[in-house]
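Scroll down for the structure; my scribbles are underneath it.
The values are calculated or read from the model by the stated rules, or taken from the named source; none is laboratory data. None of these values were measured; they are calculated from a predicted model. FYI the Cβ positions are ideal-geometry reconstructions off the backbone, even for glycines, and counts take in every protein chain you see. Note: accessible area is taken over every heavy atom of the protein model, side chains too, but ligands, DNA and RNA are not part of it. Shrake-Rupley method; radii C 1.70, N 1.55, O 1.52, S 1.80 Å.
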Amino acid sequence: MRTLLIILIFGCSLFLGCRNGQKEELIIEVKTFAPDYLEYPNNQVQIPDSLQNEFIENFFVPWESTPEKLLASLDTFPGREITYLEKYLDDDEWYGENKKPHASWQREEIVNNINTDNFPNFLQKGIVIAHTDLRRIPTNRPGFDKYSKAGEGYPFDYFQETNLWANTPLMMLHISNDKQWCYVISPYYKGWVSMHDVALVDEDFIEQWSKDGFCMPLSDRVNLANTVSNYAINTKMGMVLPYEKNSNNPHQISVYYANADENQNAQILMAEIARNSVALNGFAFNEANIKPLVSNLIGRPYGWGGNLENRDCSSLIRDLLGTYRVWVPRDSKDQIEIGHKYEFPNMAEEKVKLIKEKGVPFLTILRKKGHNMLYVGISPTGEPLILHAIWGLKTSYSNTQLANFLDTYPIEGIHKDEDGKLKGRHIIGEAVITTINIGAGNNDVTTPLIDEIYAMTNIFELD
């Protein structure tokens, strides 16, 4: 059923400029839809073999390419170069978890832990053994913009580049002085990962790891536990699992996951899981299979850069389509460049017309600045629907008294902009299905999303 999320914001005479002593009321309305309303593909939609082959090729680039080739193409991978540390050292505009700027001693401590003069100092192939974060700099401490800015502060830690699910191949390039951080190339990004969450691999490991087929989990909740180990993890949609068929039980398969020994060398563990909990070769791109995937994503908390093992807009699209071995870049700005990109009109009516005519449910990406959405069909009222992980809607309203008050007494999450209006956020904070007109009908306090959408691409065209 369709869900209605409503937030009531009440103002007092001091802060909201109430007229004639009466209380002003602002209602912000966001309508969301359940997976039952989506327009699912039928069995005739086939994922091209070329796309599925590209997924495996791209995923294993850190192992298949030589260190020399990867170093020569380092600037083609998203993420910051190791030299970014010098820029961070001179930048006092980053704010920490205490809502204060990073002190100079904090920046010096991080930068002095890295010797960039001997880069690269650690050319080793590796693998992620626990779901982990890839960071812009070698620290788990956050880097926020000013908390007083609308839409800044938590969860927008700009040192968080992406999450890396366990079993992700790596090329490890440079290790910190304290041996706790390593600068790596992953299939999606380059940056820093904690050495606690990775292990070293050799060619024998890679050969054993790659000799069989690969499957993809259908949820984040399949437990991988080995009978002789105390180490276990849960799967993640988008995670790649090598597997073997179970000759004794056709309803189960054996999947691999990695752990580290006392020398940080990778070892393979095996878990028995239900065959129907993963996508194998030939997994049909249809309602019976896609609907449960969507249901597993809806309502999951928003996670900027994959923070706390959650998903943002681009990682939701990456992991959903990755279940079908469709390679999608990690960055939202790169995702919109793949496939068949359409010339996108400026008028809202023309945008809707193009989406309806050319959009392919679950294979069309729409974009506004900083945010990607997956087109998923038409609502009962004829509006295009989108699946997206979204933090919130921008709000903008005028109020002289509150604006003057904020000049002297800043309130976190709202600021006075150059146009004299107050900017804030109406928080949604999770994966939802909405129309492309989300934000409309709120007395111009929120802008309809369709007004900001400026690009559309079909990942591949149907025959």
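Keeping every protein chain present and rolling a 1.4 Å probe, give me the accessible area per residue for the chain in Å².
Computed with neighbouring chains in place, this is 47 Å² per residue.
So for the chain, what percent of the C-alpha to C-alpha distances run longer than 39 Å?
It works out to 28 percent of all Cα pairs.
With the full set of protein chains in place, find how many percent of the accessible area of the stretch 170-254 is carbon and sulfur; take the probe as 1.4 Å.
43
In debye, nearest 20: dipole of the chain around its Cα centre with unit charges on the Cβ of K, R (+) and D, E (-)?
Charge dipole, the chain, about its Cα centre: 1160 debye, nearest 20.
Report the FRET efficiency, 1/(1 + (r/R0)^6), for THR227 and GLU86, where r is their Cβ-Cβ distance and R0 is 56 Å, rounded to 0.05.
0.70
Could you tell me the relative contact order of the chain? Use alpha-carbon pairs under 8 Å, at least six residues apart, and round to a whole percent.
17
What pairs from LYS69/LYS149; LYS69/LYS394; LYS31/LYS341; LYS69/LYS236; LYS100/LYS179; LYS69/LYS99 go past 32 Å between their alpha carbons?
In this structure, LYS69/LYS149; LYS69/LYS394; LYS69/LYS99 lie more than 32 Å apart at Cα.
Give the lysines reachable from LYS211 as a straight Cα distance under 18 Å; neighbours fewer than 8 places away on the same chain don't count.
Partners within reach: LYS125, LYS245.
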